[in-house]
Amino acid sequence: MKKILSDNILQSIRSGLVVLDHNGVVVYANNPAVKILGLDDELLIGRSWGELFPHIGEDSDFKKVVVDVIAEERLNAHHEVSYFSPERQRRQLSVTTSFLREQKAVTGIIVQFDDITEISELRHRERLINEERQRLSLEMVNSMKKLSLSVAHVILNPVASIGGFVNLMMRRIDKENPIRQYLETIAECAGRLENVSKSFKEYTDIQAVNFETIHLSTLIEGIRPKIESTADRLQKKIRCNIDIEDHITALIDPALFTMALDEILMNSIESIEDGPGEVDIIVYKAACGVIVEIKDTGFGIDNRHIPYAFDPFFTTKTSNNGMGLFKVKKIITEHLGSITIGRREVVGTKVIIHLPSDTLTL
Ligand SMILES: Nc1ncnc2c1ncn2[C@@H]1O[C@H](COP(=O)(O)OP(=O)(O)OP(=O)(O)O)[C@@H](O)[C@H]1O
Ligand SMILES: [Mg+2]
């Protein structure tokens, strides 16, 4: 009864299961194992592992997992390996090996495996898509840099001259002269154009990233006084909460990263109209890197505006240029990271920065 029960259980699990005796000979293989390996169970049972998988080179990984268990006496060793079926089809297997014990004596080896080919292909495709997205972002940043440089050059000087001369003319004509109001409009437009070209110039002035290993808690705590003094200057009551997982360091350019955080935090401060309001900066490790979240309790960003928020000159404010998040995007892209804005929920805005794991040093 006990044997029937355990046999049924072993046949009904989804993982492949092979048991070898202490000589490395297969004594048991369940149906999923036969299916995943593409071998008949008659071919499996009674054959030694080395005989079944004699290959060296690309096929050797699957064979080696068992050899490792025997040689290194490793318990519950886990591997992801490639396996080639008799039809030379490549499969990706997740394999766990352990010892079979009878009253503490090792009597064999259990090899349990799952076919993760589809998952691993999906992961591979996702990696390729992310790499492509990153490449396109960098390309966009570089072409914008060239364009901005020419715009700044071509517009800034003539516009500064127009503004200067118009102001001179205004000083020379009477207040009652009807021409004056035309000149005032020209001066205002020239001022706006000058501002735009200046922000283009600021964008092109962002230097190449100079990576250093930085303790994020030190860097972010250093920003707190700036947030408080800006809030004071704008007569807003804002509490800043910082919550950083212990000892997180990252490979970043401290000056550029601070510039990016300043822009994001300025938006948060601007969004808290009368107050009191709160800004939270939360930093934690995730499987694929470091996450920095900046949340505020301000008026929030309209979900329809989110796709445009990182575009140059996108602004919903009357006297701003809409270049802040465009600069931030450039800085984060050059750190090989990504930045997103969470959809508006009940209150406020959440900006999420993701720094990839290869910029993470612990
Ligand atoms: N924390 C936030 N809360 C609400 N809206 C935001 C927030 N951050 C960004 N936005 C929206 O995104 C737009 C673009 O932001 P961005 O920082 O690029 O430009 P700006 O603040 O308008 O101008 P600038 O930064 O050049 O002074 C803002 O005008 C605003 O509509
Ligand atoms: Mg801004």
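The values are calculated or read from the model by the stated rules, or taken from the named source; none is laboratory data. Just so it is clear, the structure is predicted and the values come from calculations on it, not from any experiment. A quick note on method: Cβ atoms are made from the backbone with ideal geometry, for glycine too, and the neighbour counts reach across all protein chains shown.
A few comments on the model shown:
- Of the set (1) assigned by TED's automatic domain parsing to the domain that holds Lys329; (2) in a helix (DSSP H, G or I), all apply to Ile214 but (2).
- Residues of segment 3-26 satisfying the condition of being more than 18 Å from Val67 (Cβ to Cβ) and touching a residue at least 12 places away in the same chain (Cβ under 8 Å): Leu10, Gln11, Ile13, Arg14, Ser15, Gly16, Leu17
- Test set (1) modelled with pLDDT of 90 or more; (2) under 18 Å from the mean Cα position of the chain (by Cα); (3) over 27 Å from Ser82 (Cβ atoms) - Gly163 fails condition number: (2)
- Here Val279 fits the description: buried (at least 17 other Cβ atoms within 10 Å of the Cβ) and within 13 Å of ligand 1 (Cβ to nearest atom).
- Residue within segment 272-290 that is part of a helix (DSSP H, G or I) and either closer than 26 Å to Val196 by Cα or of a type in the set (Phe, Trp, Tyr) (or both) present: no
- Filter pass, Arg125 being loosely packed, with under 13 Cβ neighbours inside 10 Å and either touching a strand residue (DSSP E or B) at 6+ places or on another chain (Cβ under 8 Å) or in the same structural domain as Ile331 (by TED's automatic domain parsing) (or both): no
- Selection of segment 325-342 for residues being of a type in the set (Lys, Arg) and away from ligand 2 (no atom under 11 Å from the Cβ) yields Lys329, Lys330.
- Among the candidates Asp262, Asp246, residue that is of a type outside the set (Lys, Arg), surrounded by fewer than 18 Cβ atoms within 10 Å (Cβ to Cβ) and assigned to a helix (DSSP H, G or I): Asp262
- Any hit, segment 184-193, residues being surrounded by fewer than 18 Cβ atoms within 10 Å (Cβ to Cβ), within 16 Å of ligand 2 (Cβ to nearest atom), modelled with pLDDT under 90 and under 30 Å from Ala160 (Cα atoms): no
- Residue within segment 343-359 that is away from ligand 2 (no atom under 12 Å from the Cβ), in a loop (DSSP other than H, G, I, E, B), at pLDDT 90 or above and out of contact with any Cys (no Cβ under 6 Å at 6 or more places or on another chain) present: yes
- Candidate set: segment 306-324, residues that are of a type outside the set (Asp, Glu) and under 18 Å from Leu147 (Cα atoms); chosen: the one nearest to ligand 2 (Cβ to nearest atom): Gly324
- Residue in segment 319-331 that is loosely packed, with under 15 Cβ neighbours inside 10 Å and more than 9 Å from ligand 1 (Cβ to nearest atom) present: no
- Test: residue in segment 298-305 that is without any contact (Cβ under 8 Å) to a residue 24 or more places away in the chain, within 28 Å of Asn130 (Cβ to Cβ) and either within 16 Å of ligand 2 (Cβ to nearest atom) or outside any helix (DSSP H, G or I) (or both): yes
- Flag for Ile264 being more than 16 Å from ligand 2 (Cβ to nearest atom) and β-branched (Val, Ile, Thr): no
- Residue that is surrounded by the fewest Cβ atoms within 10 Å (Cβ to Cβ) [pool: residues in segment 291-309 that are within 7 Å of ligand 1 (Cβ to nearest atom) and not charged (D, E, K, R)]: His305
- Just so you know, in segment 334-353 the residues that are crowded, with 17+ Cβ neighbours inside 10 Å and of a type in the set (Val, Ile, Thr) include one that is farthest from ligand 1 (Cβ to nearest atom), and it is Ile353.
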